[in-house]
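Any read-out appearing in this document is the output of simple, stated calculations on the displayed coordinates, not a laboratory observation. In this text the structure is predicted, and so the values were computed from the model without any measurement. Using ideal geometry, Cβ is built from the backbone for each residue, glycine included, and neighbour counts are taken over all protein chains shown.
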Amino acid sequence: MQTIIVIPCYNEEKRLRSHDFLDFVQVHPDVTFLFVNDGSKDNTLVMLQNLSRQSAKLMLLNLPKNAGKAEAVRQGVMYILQKWQPHRIGFWDADLSTPLNEIECFIQQMEKYGCSMVIGTRIKRLGAKVYRKTTRFLLGRMFATVAAYMMNLPVYDTQCGAKLFKTQLAASLFQLPFISKWLFDVELLARYIQLSGIPTVCRQVYEYPVYEWQDIGGSKLKLVDFLSAPMELWKIWRTYIKK
């Protein structure tokens, strides 16, 4: 298994496109998916059980109680590390707002630049198919600007739900539970800064502008999550950045 991608799933019965995953692994045998059912209350678990029976490349980890996206991803990564040693570990949003065909591009960028971490960035530009709702775009840009300033890091987009890591780095960054439920993407970068310093992070993290991304309805994020973001950022800064 060269690359294993964690797919956190909470109540994804109506959004999970099972055939897309089946089609992808048939063409890309070097990629395996680990679906983490995060205590879903609908039929997501049944769907994932049926899906995992159709291919050895589609695996399932069931968490009986809802733990939140951050912990679901972390549990998935730790489960992988306990059982296998792939070259790369990543995570991807279950709604496929970032299409699966971008995975190969992430892998290519990691090999081309020799970096340890590739993160998707959503830049609306000519020739690309990046569609974001205006309100979410504006809120996202404000948040990303503050996060970048807080970490003293020239990162454009921390919150794209598509990221890939070399396995050794993933083992370090995901070892401990996150202090933030929704901003763990920022926390990952803050942990990397604490671990290796800003110059190393700037060399080893590559922001890849995805060719295609679109808002998918049914997001679990609520207004209260945006309102709590300043406090979450402060907690991350105090824990990892403050000297």
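Compared with the direct C-alpha span, the chain from Tyr131 to Leu22 gains 36.7 nm at full extension, assuming 0.36 nm per residue.
With percent of Cα pairs over 22 Å apart in mind, check (1) 55; (2) 65; (3) 52 and report the label derived from this structure. Correct label, based on the coordinates given: (3). Candidate membrane-span-like segments in the chain, meaning DSSP H helices with Cα atoms spread over at least 20 Å of their own axis and a Kyte-Doolittle mean of 0.0 or above, are 134-151, with no membrane implied. Report for the stretch 3-241 the percent antiparallel among DSSP-assigned beta bridges with both residues inside it, nearest 5. Of all bridge pairs located within the stretch 3-241, approximately 25 percent are antiparallel. In this structure, the amide hydrogen of Tyr131, modeled 1.01 Å from its nitrogen in the peptide plane, lies closer than 5 angstrom to those of Trp213, Gln214, Asp215, counting only residues at least 5 positions away or on a different chain. Just to confirm a number: summing +1 for Lys and Arg and -1 for Asp and Glu over residues other than Leu22 whose beta-carbon lies under 14 angstrom from that of Leu22, what do you get? Result for the local shell: +1.
What does the net charge come to around Gln194 if you take all other residues with beta carbon closer than 13 Å to its beta carbon, with K and R at +1 and D and E at -1?
The answer is +3.
Given +1 on the Cβ of Lys and Arg, -1 on the Cβ of Asp and Glu, and no further charges, what dipole in debye does the stretch 58-160 carry about its Cα centre, rounded to the nearest 20?
Dipole magnitude for the stretch 58-160 comes out near 320 debye.
Estimated at 0.36 nm per residue, the fully extended path between Lys243 and Thr145 surpasses their Cα-Cα distance by 33.2 nm.
Relative contact order of the chain, taken over Cα pairs closer than 8 Å and 6 or more residues apart, is 23 percent. Around the Cα centre of the chain, unit charges on the Cβ atoms of Lys, Arg, Asp and Glu (plus for the first two, minus for the last two) sum to a dipole of about 620 debye.
Near Ala162, the amide H atoms lying under 5 Å from its own belong to Gly120; only residues 5 or more places off or on other chains count, and H is placed 1.01 Å from N.
Net charge of the neighbourhood of Lys124, taken over other residues with C-beta under 14 Å away and scored Lys/Arg +1, Asp/Glu -1, is +4.
A dipole drawn for the chain from +1 and -1 charges on Cβ atoms has a positive end, and of Trp237, Trp182, Leu58 the residue lying farthest that way is Trp237. Based on Cα atoms of the stretch 117-243, Rg over Rh with Rh as the Kirkwood radius reads 0.95. Each residue, Glu212 and Met231, gets one label point 7 Å from its Cα in the Cβ direction; the gap between the two is 4.0 nm. Per-residue ellipticity at 222 nm from helix content only, as computed over the chain with -39500 (n - 2.57) for each DSSP H run of at least four residues, stands at -12500 deg cm²/dmol. In this label model, Gln175 and Asn66 are separated by 3.2 nm, measuring between points 7 Å along each Cα→Cβ vector.
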